[in-house]
Amino acid sequence: MKTAVSFGEGYGPKIVKLKDKKLKRNFKVALSGEHTTNAMLFRIYYPEARVVYKNFLEIEDAVLNGEVDAGVLIHESILTYNDKLEVEKELWDIWVELSGGNLPLPLGGMAIRRSIPINRAIDYENTLIKAVKVATTHAKPLSRMLHERDLVRVDEPTLQKYLSLYANDDSVELNEIQYKAINKLFEIGFENKFYDTLIKAEDFLVPNEYQNLRNS
């Protein structure tokens, strides 16, 4: 889907370790999921690392208690991690090196089953676009509401910072540069044998043009 997307622009997931800890080439690391941007980029850059997968909420503690040598933090954890930890490497820097720079880092998006009828899929996407516009336009009152209902794990200033990074005007609808970034990510994955097929994002969009054809 071309809405509710999340990109990093000079920032993104962070590889953290205990301060002053020296990592070996085969260090043990905790990642948040096998089929994620951060996992693929990490595994390309650190092919000898020993990877374990954990709930992203458990990764910081796993590094602190020595269960793993390092961990890749995502979501609000990149803003709130313990001061006993330090950043070993920014995933953004790995992305720039692999992609050649000048492209945002694709981190999150929405998908819909292809078996859903086209008219319904179009309605779902249009509704979601409107919802994301409302959310980005009214981020401050909505974040206060989330706090009042105890639905978030961070304080309001941290939430505002997080939303400015990952849920902003660029999240409403994919633009040309974002399509290029997604396609570059798939290209990197294909070249490194993470994908069997070279995927182009534009080939898998909800076919909104069908609505106009149907009504013509």
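The values are calculated or read from the model by the stated rules, or taken from the named source; none is laboratory data. Please read these numbers as outputs of a predicted model, since none were measured by experiment. Positions of Cβ are backbone-derived with ideal geometry, glycine not excepted, and every protein chain shown enters the neighbour counts.
Below is a table of values for the structure above.
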| item | result |
| --- | --- |
| Residue match in the range 141-158 (condition: touching a His at 6+ places or on another chain (Cβ under 9 Å) and assigned to a helix (DSSP H, G or I)) | yes |
| Some residue of the range 115-133 being in a helix (DSSP H, G or I), in contact with a Phe, Trp or Tyr (Cβ under 6 Å, 6 or more places away or on another chain), among the aliphatic types (A, V, I, L, M) and buried (at least 18 other Cβ atoms within 10 Å of the Cβ) | no |
| Whichever residue in the range 191-216 is surrounded by fewer than 10 Cβ atoms within 10 Å (Cβ to Cβ) and either modelled with pLDDT of 90 or more or in contact with a strand residue (DSSP E or B) (Cβ under 7 Å, 6 or more places away or on another chain) (or both) and, among such residues, is nearest to I129 (Cα to Cα) | D203 |
| Residue among L165, L142, L198, L151 that is among the hydrophobic types (A, V, I, L, M, F, W, C) and touching a residue at least 24 places away in the same chain (Cβ under 8 Å) | L165 |
| Residue match in the range 61-72 (condition: among the β-branched types (V, I, T), assigned to a strand (DSSP E or B) and either closer than 30 Å to R120 by Cβ or touching a helix residue (DSSP H, G or I) at 6+ places or on another chain (Cβ under 6 Å) (or both)) | yes |
| Pairs with Cβ under 7 Å, 6+ apart, first in the range 88-116 and closer than 11 Å to N38 by Cβ, second hydroxyl-bearing (S, T, Y) and part of a loop (DSSP other than H, G, I, E, B) | W92/Y11 |
| Among the candidates N26, N119, N82, residue that is modelled with pLDDT under 95 and more than 18 Å from the chain's Cα centre (by Cα) | N119 |
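Yes/no per residue for (1) of a type outside the set (F, W, Y); (2) outside any helix (DSSP H, G or I); (3) in contact with a helix residue (DSSP H, G or I) (Cβ under 7 Å, 6 or more places away or on another chain):
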site	(1), (2), (3)
A4	yes, yes, yes
G10	yes, yes, yes
M40	yes, no, yes
I44	yes, no, yes
L57	yes, no, no
